[in-house]
Amino acid sequence: MDAAVAQPPRFGRELYLASKPFAVERRGRTWWEVISTLVPLAALLTAAALTDWPVRLWFSILGGLLMVRSFILFHDFQHGAILRGSRLGRFLMYGIGTLLLTPPRSWRESHNHHHAHVGQVVAPNDATTPVVITDIGAFPMLSIASWRRTTRWQRLRYRLIRHPLTIFCAYFTVFMGNICLGSLFRDPRKHWPSGLVFLAHLTLLAGLWWAGGWQMMLFAYLLPLWIAAAAGAYLFYIQHSVPGVRVFTPDEWDVFEAAMETASFLKTGRLVEWLTGNIGYHHVHHINSTIPFYRLRETMAAIPELQHPMTTRLRIADIFGCFRVNLWDPASRRMVSYREAAAA
């Protein structure tokens with residue numbers, strides 16, 4: 001029997017070690033990915049600013065989709081996966097963060113928190129500990145027992161955080177309200193750069209309005225950013241809220257086990273993979289966040305244990321399925337709907 005076939009399956013840290021050879025940046029490839037993203041983005045936003053209706057609408061939509069890909073560049077830079085030590089890279093990535101209303105310091109703190117707590121219930125099951133709902137770095141998950149101990153206000157807040165309208169309005173709710181202004185209000189001394197990013201955002205909006213009226217502001221910036229924010233928030237949501245996901249208590253949580261059991265694989269075509277910077281290979285990213293986005297597919301193809309993850313698609317049934325499950329049921333070891341929780 002072939003030795004590779006006979007090799008026992010690898011789990012946990014063994015998978016991380018197997019992924020390390022792929023966590024090597026190809027600097028020339030990185031710069032090509034940056035240039036081939038930012039130059040078309042600049043061209044599309046310029047065209048959206050200078051053309052007339054309805055052509056400018058299509059340029060605006062395409063610009064929003066390229067903003068999603070631009071965010072992945074920023075995301076990977078913050079993980080140290082690309083352009084580490086590059087001054088020009090830092091300048092460009094911080095510029096992307098400012099353009100996309102994402103202060104680098106705030107995002108890095110909240111996203112590192114996400115990686116360190118992904119798939120954990122946000123409140124213990126025991127009846128003596130108060131329930132505290134936090135959405136720092138992730139969409140919160142409550143168990144049925146914790147849900148039953150929440151107040152009406154807490155239930156409303158939990159439902160709103162995980163509601164499709166909140167994700168559709170992510171420009172306000174997630175990026176402006178949470179990542180930007182939320183971090184500033186929580187800790188002004190630490191997150192004062194968030195205030196500068198917000199002021200830069202308002203200045204850009206005002207400048208575009210002054211230069212070409214509200215339509216230039218809308219099509220060249222506000223609409224593309226709205227599309228990018230909603231798409232990014234949705235991708236982030238479904239990557240950890242699929243029906244087959246497992247949720248851990250803090251004492252049983254393990255970073256590598258959580259990567260495989262709480263992160264999904266979004267199966268799409270190559271065009272969507274390119275536009276989303278391969279973020280659909282999310283279980284691979286959580287195994288090793290320093291793998292450059294353009295090597296995630298390669299990593300999954302090379303490691304057999306990564307080839308059978310939870311899978312979701314951009315189909316209506318899958319979309320509704322992800323939004324339907326909101327509470328963790330330890331008895332059945334699955335996410336259930338509010339209605340199922342009430343009947344349990």
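Values in this text are rule-based calculations from the coordinates and carry no lab data. Quick caveat, the model's predicted, so the values are computed rather than measured. Glycine also receives a Cβ, built like all others from the backbone with ideal geometry; neighbour counts cover every protein chain displayed.
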Original post:
Which cross-chain or sequence-distant (5 or more) residues have an amide H under 5 Å from the amide H of ALA344, H modelled 1.01 Å from N in plane?
Top reply: none
**OP:** Can you tell me how much longer the chain between PHE320 and ALA43 gets when fully stretched, taken as 0.36 nm per residue apart minus their C-alpha distance, in nm with one decimal?
**Re:** 96.2 nm
Subject >> Rounded to 5, the percent of DSSP beta bridges in the chain classed as antiparallel >> reply: 45
Original post:
In debye, nearest 20: dipole of the chain around its Cα centre with unit charges on the Cβ of K, R (+) and D, E (-)?
Top reply: 460
Original post:
What's the FRET efficiency of ARG13 with ARG87 using the Cβ-Cβ distance as r and R₀ = 41 Å, to the nearest 0.05?
Top reply: 0.75
**OP:** Hey, can you grab everything whose amide H is under 5 Å from the amide H of SER143? Only 5+ residues off in sequence or another chain; H modelled, so Pro and N-termini drop out.
**Re:** VAL122, ALA123, TRP328
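With 10 angstrom as the radius, rank THR151, THR173, THR262 by how many other C-beta atoms surround their C-beta, starting from the fewest.
THR151, THR173, THR262
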**OP:** Just name one of ILE167, TYR16, LEU314: the one whose Cα is farthest towards the positive end of the charge dipole of the chain (beta-carbon charges, Lys/Arg +1, Asp/Glu -1).
**Re:** ILE167
Original post:
When you take every Cα atom in the range 253-293, what is the radius of gyration, and what is Dmax, the widest Cα pair distance, in Å?
Top reply: 10.8, 35
Original post:
Considering the dipole of the range 152-283 built from charges on the beta carbon (Lys and Arg +1, Asp and Glu -1) around the Cα centre, which of TRP192, ASN278, THR268 is farthest to its positive end?
Top reply: TRP192
Subject >> ALA116-VAL272 pseudo-label distance in nm [points 7 Å out on the Cα-to-Cβ vector] >> reply: 3.4
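If we count other beta carbons within 10 Å of each Cβ, what is the order of TRP192, TRP107, fewest first?
TRP192, TRP107
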Original post:
How big is the charge dipole of the range 289-344 about its Cα centre, in debye rounded to the nearest 20, if each Lys and Arg gets +1 on its Cβ and each Asp and Glu gets -1 on its Cβ?
Top reply: 140
Subject >> R0 of 25 Å, Cβ-Cβ distance LEU205-ARG108: FRET efficiency to nearest 0.05 >> reply: 0.50
Original post:
Can you run phi through the Karplus equation (6.51, -1.76, 1.60; θ = phi - 60°) for the range 291-297 and list ³J(HN,Hα) in whole Hz, with x for Gly and Pro?
Top reply: 6, x, 4, 7, 10, 5, 5
**OP:** Would you mind getting me the FRET efficiency between ARG26 and GLU305? Use the beta-carbon distance for r and R0 = 30 Å, nearest 0.05.
**Re:** 0.80
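In the neighborhood of GLU340, defined by Cβ-to-Cβ distances under 11 Å, what is the net charge if each Lys or Arg adds +1 and each Asp or Glu adds -1?
Neighbour charge sum, excluding GLU340 itself: +2.
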Original post:
What list do you get for TYR338, TYR158, TYR281 if you sort them by fewest beta carbons within 10 Å?
Top reply: TYR338, TYR158, TYR281
**OP:** Just the Kirkwood number for the range 9-343, please: inverse of mean 1/r across all distinct Cα pairs, in Å, one decimal.
**Re:** 20.8
Original post:
So what J values fall out for the range 98-111 if you push phi through Karplus, 6.51 cos²θ - 1.76 cosθ + 1.60 with θ = phi - 60°, rounded to Hz, Gly and Pro as x?
Top reply: 5, 4, 9, 6, 10, x, x, 5, 5, 5, 4, 5, 5, 6
Original post:
Say each of ASP187 and ARG246 gets a label point 7 Å from the Cα, pointing the same way as Cα to Cβ; how far apart are those two points in nm?
Top reply: 3.2
Original post:
Using modelled backbone amide H atoms (1.01 Å from N, in-plane), which distant-in-sequence or interchain residues come within less than 5 Å of PHE248's amide H?
Top reply: GLN120, VAL121
